[in-house]
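Visitor: Below is a structure I'd like to ask you about.
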Amino acid sequence: MKMLIFPLGCLLVILSSYFLGLTPHLTLMICGGVLFVASIYGEKRYPALRNFHWVFLGIFHYFSELNWCNMLYYLLIMSMIQDKQRVTQTLPISMLIVFEYTVIRLSYVPIDTYALLVSLFDMLTAIVIIFLYHTLINSEAEKRRLREKNHFLTLHDPLTGLLNYEGYMNVLKETADEQRSFLLIIMNIQNFNGFDKEVEDNWSHVIKATGESVSKQFADAYGVSRYAGDRYAVVLPEIQNIEERMTSLLSGELRGLQVNYSISLYPGVSETLQHFITVAEESLFQQQRSKWLKNGEEVFRSERLRAVGELAAGMAHEIRNPLTAIRGFLQLSRGQAFNIAPWYEVIMGEITRVTELTAEFLQFSKPHANHMKPERVEHCLERVMSLTESDAASRGHRITLEMTGEPVVVNMDRDKIVQVLINLIRNAFEAMTDPGEVHIDLLHDGDKALISISDTGSGIPEKSLATIFNPFYTTKEEGTGLGLALCQKIALDHHGKITVHSEMGIGSTFTLHLPMGT
């Protein structure tokens, strides 16, 4: 702008002085103007000329003898202070230039009160102009800072300072538009959810540190983004050692975090950028899915080993008791020439107990044979009734059966379900010390067949309800504790379950839930 204004201003002053016949030194005035304009044009190549602008302008003013040069002085002030933001820096320079103008002006006008007052007002005008100039400049600078900040926040994540999703997409689009091939790394940090997001020094620190580590490792990236909470994306030029750099990052600063990542090359087999992004995200998802399945298998294996350990420990405990008794009786027989007759019945009882315990344990632990086929539950219950009616009569109990009028078909191993029902009914008999009643009820709820067995016994304490299906848990003196556990296992093998409801002093109800077939 000043390359145009200063020459025009000097030309205007020269022409005005010439046509008005106000100066006897036209040639010297023109020379002064040429020097001033030449210093303006030559300052980029020779910055030292900026120190002589005021000298050449003073020469031009002195020989022109026109007050109209004040416009050039004000423009010179603006050009000299435009890079300075503080008034304390610009005001002294401005005052010196205005003082130069005043001294030269007083050299060709009469010095009187009017001339002095004009000089004073020139000084005040310069001060006002400087303050207005700074107000305008600072206002524009603040607007520019706000625009830049708003633009930054639009494209960047406020926590890490990395690109957000919009910034990430812009980088992808710009890089693709330049027809450059590039690598896209997408990383998913799986265990950020383990950090407390309410604690700034915990979760936020990890997020920031992760972003810094990724940016440091990939300093040559076109862009690094945190775009989905726990996801980071890196857009890189095509390089050869990318896997080594990822391994270094994961084993170094990101050690301890569970990181899944995918690396995709653009354009590769993708026809469009959107398809490329979809393929990259799908690749990451498949890696996550594989890890989830693997973790699920590990959890299942761990739970299975824990269950086996508990069964083994319980089995060892249960077998040790009768074996200890047998050993004790055999040691006692030594004193009677190994005559075991006095303890024969007790020893045989303990041996029978070990045999039964072993048989139940083997039945509980062996895999379930697949003899499933659609069966009517009514036929199953009729068989159970025929097998338990005599036992109920001998104990003095009454057993009743109530079934729905509609046929209920379940895909089942009939013998296993009969075994479950007989076990539950016998438990109901044993729960009633006095003659009582056992009621069997068959109904269906949606796609479930429900077989409930209710007794009028003493009930089960609430604290025991959560453990009655655990292996080796029993309240009977001669029980193995595997009966209910085996029943629940058979129910689970049929994709069903057994639930229990009990009230102390009123009785208990065990319900077998089975999915209905066709």
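Here, each number is a calculation from the coordinates, and none is a lab measurement. Worth saying up front: this structure is predicted, and the values here are computed from it rather than measured. Cβ coordinates were reconstructed from backbone atoms using ideal geometry, including for glycine residues, and neighbour counts include every protein chain displayed.
Visitor: Using the count of nearby Cβ atoms within 10 Å as a rough guide to exposure, how do ARG289, ARG383 rank from fewest to most?
Guide: Ordered from fewest to most neighbouring Cβ atoms within 10 Å, ARG289, ARG383 come out as ARG289, ARG383.
Visitor: Here is a follow-up. How far, in degrees from 0 to 90, does helix 377-395 lean away from the longest principal axis of the Cα atoms of the chain, to the nearest 10?
Guide: Approximately 50 degrees, to the nearest ten.
Visitor: Roughly what would the spin-label model give for LEU265 and THR324, points 7 Å off Cα along C-beta, in nm?
Guide: It is 7.1 nm.
Visitor: If you don't mind, there's one more thing I want to ask. Where the convex hull is taken over the Cα atoms of the chain, what is its projected area averaged over directions, in nm²?
Guide: 51.5
Visitor: Step through the table entries LYS373/LYS497; LYS216/LYS291; LYS173/LYS208, compare each Cα-Cα distance with 30 Å, and write down the pairs that go over it.
Guide: Check vs 30 Å cut-off fails for no pair.
Visitor: Quick one: if the Förster radius is 41 Å, what FRET efficiency do ILE242 and ARG147 give, using the C-beta to C-beta distance and rounding to 0.05?
Guide: Rounded to the nearest 0.05, the efficiency is 0.65.
Visitor: Grab the Cα-Cα distance for ASP220 and ILE351, subtract it from 0.36 nm times how many residues apart they are, and report the gain in nm with one decimal.
Guide: 39.4 nm
Visitor: If I model a spin label at ILE137 and THR278 as a point 7 Å from the Cα along the Cα→Cβ vector, what separation in nanometres do I get?
Guide: Modelled inter-label distance: 5.5 nm.
Visitor: Round to the nearest 10 and give me the degree value, 0 to 90, for the angle of helix 414-431's Cα axis relative to the longest principal axis of the chain.
Guide: It works out to around 80 degrees.
Visitor: In nm, what is the difference between 0.36 nm times the number of residues separating ALA341 and GLN190 and their Cα-Cα distance?
Guide: 47.4 nm
Visitor: Going toward the positive end of the dipole of the stretch 165-268, with +1 on Lys and Arg Cβ and -1 on Asp and Glu Cβ, which of VAL171, ALA221, GLN190 do you reach last?
Guide: GLN190
Visitor: Still on this structure, I have one more. Compare the Cα positions of SER458, HIS494, THR509 along the charge dipole of the stretch 373-515 (+1 at Cβ of Lys, Arg; -1 at Cβ of Asp, Glu; about the Cα centre) and return the one farthest towards the positive end.
Guide: HIS494
Visitor: Could I ask something else about it? How large, in Å, is the stretch 2-151 by the Kirkwood hydrodynamic radius built from its alpha-carbon pairs?
Guide: Here the Kirkwood hydrodynamic radius works out to 16.6 Å.
Visitor: If you take the charge dipole of the chain about its Cα centre, with +1 on Lys and Arg Cβ and -1 on Asp and Glu Cβ, which of SER181, VAL418, LEU330 is farthest toward its positive end?
Guide: About the Cα centre, the residue reaching furthest to the positive side is SER181.
Visitor: Ignoring everything except DSSP H segments at least 4 long, calculate the 222 nm mean residue ellipticity for the chain; use -39,500 (n - 2.57) per segment, divide by total residues, nearest 500.
Guide: Calculated at 222 nm, the ellipticity per residue is -19500 deg cm²/dmol.
Visitor: Follow-up. Cut-off is 10 Å between beta-carbons; in what order do GLU350, GLU148 appear when sorted fewest neighbours first?
Guide: GLU148, GLU350
Visitor: To continue, here is another question. As I understand it, the value is the acute angle between the Cα axis of helix 273-333 and the longest principal axis of the Cα atoms of the chain; what does it come to in degrees, rounded to 10?
Guide: Its long axis makes an angle of about 30 degrees.
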